[in-house]
Amino acid sequence: MTITKEQAEKIMAAMQEHINKETEKILSEYDKTLSSVVDKLETCGWTLPTELGIYAVNIIGNTDEIADIDKFLLWFFTENDYEHYNKMVDGILASPISNGVKRLIEECRFAYDNKKYAICADSLVSAIEGILSTFWSDKTNIRMMKVCQAKVDEMANDNKHITKKYLWVSYNKFIRKLYEKNNFNDDEPSFINRHWLLHGRSAYEIEEIDCLRLFNALSSLCVIVNSENK
């Protein structure tokens, strides 16, 4: 059986149209899944973990199988002799960030490995601010929530870079929780708070999982840094 050039072109056009529709459907479903994942993670103070595989993302986003996200992520980063934690930190250090921030993160790793969680958390917050500030042209700007919100607004209708879009959405939620304004005369927030921590007012007992949240937030940010430098 032979077909004409015109018939072949029609077949190819029909196949491409089908592929485009299926791709659009898959991306739409992935968009909804990531939106659900980000909302669930935000309630526990996590940014979107870039170390998670697509299977775990689908489980968190589309089911209630993982009832305790904190417990799951603590296991994820510490199982198999801290394999995913070490991969995460190695990835941060391999990113194109300043040498000064890299040295700070290496010292954070040392503090974490030696269970000096309060020292680790203080310095990780500074590292986050240092990297986040590079996304704003005005280097005197110290309003981290403004930086994040601007990026979220910039990518709001971006359907080509879905993961990056939701990394910023996730980061924006995280930063708003971390930087939540709170009067020092009021009760300290139940979640680690930048102002209470760095101004020496915090009575919050920093635990291992708090440091993992902050390392994970750095990792999410460095994935964005890597994509911006390609």
Original post:
Pairs LYS32/LYS165; LYS32/LYS177; LYS40/LYS71; LYS32/LYS164; LYS40/LYS177: which are spaced more than 18 Å apart, C-alpha to C-alpha?
Top reply: LYS32/LYS177
Original post:
With all pairs of different alpha carbon atoms counted, what Kirkwood hydrodynamic radius in Å does the stretch 82-140 show?
Top reply: 12.1
Subject >> In Å², nearest 10: area of LYS71 left accessible to a 1.4 Å probe >> reply: 140
**OP:** Take each of the peptides 219-226, 79-86, average the number of other beta-carbon atoms within 10 Å over its residues, and list them starting from the highest.
**Re:** 219-226, 79-86
**OP:** Give me the accessible area of LYS102, 1.4 Å probe, in Å² rounded to the nearest 10.
**Re:** 50
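The values are calculated or read from the model by the stated rules, or taken from the named source; none is laboratory data. Quantities reported herein were computed from a predicted structural model and do not represent experimental measurements. Ideal geometry is used to build each Cβ from the backbone, glycine not excepted, and the neighbour counts take in all protein chains shown. SASA here: full protein model, heavy atoms, side chains in, ligands and nucleic acids out. Shrake-Rupley method; radii C 1.70, N 1.55, O 1.52, S 1.80 Å.
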